[in-house]
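To start, the structure under review is shown below, and the notes come after it.
The values are calculated or read from the model by the stated rules, or taken from the named source; none is laboratory data. Keep in mind it's a predicted model, so treat the numbers as computed, not measured. All Cβ positions, even for glycine, are placed from backbone atoms using ideal geometry, and neighbour counts span all protein chains on display. Side chains included, ligands, DNA and RNA excluded: accessible areas come from the protein's heavy atoms. Shrake-Rupley method; radii C 1.70, N 1.55, O 1.52, S 1.80 Å.
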Amino acid sequence: MSKGEIDAVTAEFFGAFDNRGGRAADLDRIRRLLLPGGVIVKTGPEFAAYTVDEFIEPRRRLLCGGRMVEFSEWETSERTDIAGDIASRFGEYRKSGILDGEAFEDGGTKTIQFVRTPEGWRIAAFAWYDQP
């Protein structure tokens, strides 16, 4: 049961950014999926650590302001380890869209840390690395 629930939370997380077909990205969903004090880290040459709000707001401007359209991202592989009320997921993903009029497709790696709360599984932290 836990693996299926974690799969669902992960799919909902990736789906929050989707703005294909003119739909609005549902970035407020991120606040429901992450713990309020969740930690978010982007690695690589542009290293950054974010609070939940620091992560959401620039993406809201990008995905809801018209610069990036037809955007989606999806997992292509994953490994999930569960121990009681904690879980760790390590996976590859792809993303595509149109940024400033230019189509793109990229990919990378994400690691997501989950905890089981009274309301169900939530994301405590995640980090990602975009492949160059």
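Here are a few things to note about the model shown:
- Rg/Rh for the chain, where both radii come from Cα atoms and Rh is the Kirkwood radius: 0.95
- As a ratio to 2.2 N^0.38 Å, the alpha-carbon radius of gyration computed for the range 77-132 takes the value 1.44.
- Accessible area in square angstrom per residue, the chain, 1.4 angstrom probe: 54
- Coupling constants for the range 15-24 follow from the phi torsions by the Karplus curve (6.51 cos²θ - 1.76 cosθ + 1.60, θ = phi - 60°), and in residue order they are x, 4, 8, 5, 10, 5, x, x, 6, 7 Hz; glycine and proline get x.
- Order by protection proxy (mean Cβ within 10 Å, highest first), peptides 45-52, 87-94, 16-23: 87-94, 16-23, 45-52
- When the range 6-45 is reduced to its Cα atoms, the Kirkwood hydrodynamic radius in Å: 11.5
- ³J(HN,Hα), Karplus 6.51/-1.76/1.60, whole Hz, each residue of the range 50-57, x for Gly, Pro: 10, 7, 4, 5, 4, 6, 6, 4
- What the pair-distance distribution of the range 67-106 shows, using all Cα-Cα distances binned every 5 Å from zero, is 6, 20, 19, 13, 12, 11, 8, 6, 2, 0 percent.
- For the range 30-41, backbone phi angles converted through the Karplus equation (6.51, -1.76, 1.60; θ = phi - 60°) give residue-by-residue couplings of 4, 5, 6, 8, 9, 5, x, x, x, 10, 10, 9 Hz, Gly and Pro being listed as x.
- Solvent-accessible area assigned to carbon and sulfur over the chain amounts to 55 percent, based on a 1.4 Å probe.
- Label-to-label distance, ARG61 versus PHE90, with points set 7 angstrom from Cα along the beta-carbon direction: 3.5 nm.
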